[in-house]
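Have a look at the structure below before the remarks.
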Amino acid sequence: MATSNQLTIEFSSLSENLSFARVAVAAFASQINFTMHELEEIKVMVSEAVSNSITHGYNNSPDEKVKINAVIQGQNFHLEIEDYGCGIEDIEQAMEPAYSTSEERMGLGFVFMQSFSEYMNIDSVPEKGTKVTLSKSAASNTEKNYVTN
Amino acid sequence: MQLHTSIENHTLVINLYGDIDMSVTENLRSTLEEKLDNEPVSNLLIDLSNVEFIDSSGLGVILGRYNRITRSGGKVILTGLKPQVRNVMELSGLLRIMEEYSSTGEALSNIS
Ligand SMILES: Nc1ncnc2c1ncn2[C@@H]1O[C@H](COP(=O)(O)OP(=O)(O)OP(=O)(O)O)[C@@H](O)[C@H]1O
Ligand SMILES: [Mg+2]
């Protein structure tokens, strides 16, 4: 397999696309030595970031676009989820566990993204949009344990 | 997502099928609220043995029902957690406040 590989998908801001987005990204990521458990964590990260773009970034407006860019480099996996929505005023506050701007939410999206990645960065400009960057490595998994897990 | 409900031992038993994400939370929330409004139950048992995926939107719906049920003195019980579902449940802290059993039968026989 080539040591570098790239995937870009852009789709409408509809929650019906969540399942497709996480399955597509996990299938792409499965080309390197991730365990099943880690692929499940990647699905959660995608679901959290895309849900945030749809609900917070676009306030559930269906006519907008969410873009995902994923790159495999050796055994490293990089993921960017981007929207062109309202942006985040106070990123530090948004990242606090259980900080949420709506009722009946756990405020755990960023907590999950951070826990399941080795690196997380949030780039956001009010009225311009938000880009979440996540990295995760499969390097510690040997051929053997990713096949049997 | 599909769901199936029944009532046993003062408990609303809900079996969920499929992925629980934001595309189904509205439907799940309103179905649960309607059942809880209309049925004389004290507890809620959520069987997740056919759920392969849940994210924070799904956990939010469960937390909302937990708040309602415990306010009136009832319990929320979870059964059939798959490893990936348990992973996010544990991290969210929900497993610390809810009871968990491996099967619905076992859970129902333990409800006083
Ligand atoms: N793409 C985005 N655009 C605008 N605001 C965002 C975006 N992503 C996150 N936020 C802000 O950051 C806050 C925290 O996000 P996080 O995902 O951690 O929690 P939540 O979405 O509120 O709740 P949960 O994810 O548990 O349902 C959100 O409430 C929202 O205010
Ligand atoms: Mg969120």
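The values are calculated or read from the model by the stated rules, or taken from the named source; none is laboratory data. In this text the structure is predicted, and so the values were computed from the model without any measurement. Positions of Cβ are backbone-derived with ideal geometry, glycine not excepted, and every protein chain shown enters the neighbour counts.
Annotations
- Residue check: B:Gly58 meets all listed conditions (1) more than 16 Å from ligand 2 (Cβ to nearest atom); (2) touching a residue at least 24 places away in the same chain (Cβ under 8 Å); (3) within 11 Å of the chain's Cα centre (by Cα) but one, namely (1).
- Extreme residue, nearest to the other protein chains (Cβ to nearest Cβ), among residues of the range A:1-36 that are touching a Ser or Thr at 6+ places or on another chain (Cβ under 6 Å) and either assigned to a helix (DSSP H, G or I) or over 19 Å from B:Asp55 (Cα atoms) (or both): A:Leu18
- Only listed residue being closer than 23 Å to A:Val23 by Cα, within 15 Å of ligand 2 (Cβ to nearest atom) and surrounded by fewer than 22 Cβ atoms within 10 Å (Cβ to Cβ), chosen from A:Thr35, A:Thr55: A:Thr55
- Criterion (at pLDDT below 95 and away from chain A (no Cβ under 14 Å)) met by exactly one of B:Glu39, B:Glu34: B:Glu39
Quick grid of which residues meet (1) charged (D, E, K, R); (2) away from every other protein chain (no Cβ under 14 Å); (3) outside any strand (DSSP E or B); (4) touching a strand residue (DSSP E or B) at 6+ places or on another chain (Cβ under 8 Å):
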site: A:Glu38; (1), (2), (3), (4): yes, no, yes, yes
site: A:Val46; (1), (2), (3), (4): no, no, yes, yes
site: A:Ala49; (1), (2), (3), (4): no, no, yes, yes
site: A:Asn52; (1), (2), (3), (4): no, no, yes, yes
site: A:Thr55; (1), (2), (3), (4): no, no, yes, no
site: A:Val66; (1), (2), (3), (4): no, no, no, yes
site: A:Ala70; (1), (2), (3), (4): no, yes, no, yes
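- Among the residues of the range A:62-119, those that are within 9 Å of ligand 1 (Cβ to nearest atom) and hydroxyl-bearing (Ser, Thr, Tyr) comprise A:Tyr99, A:Ser100, A:Thr101, A:Ser102.
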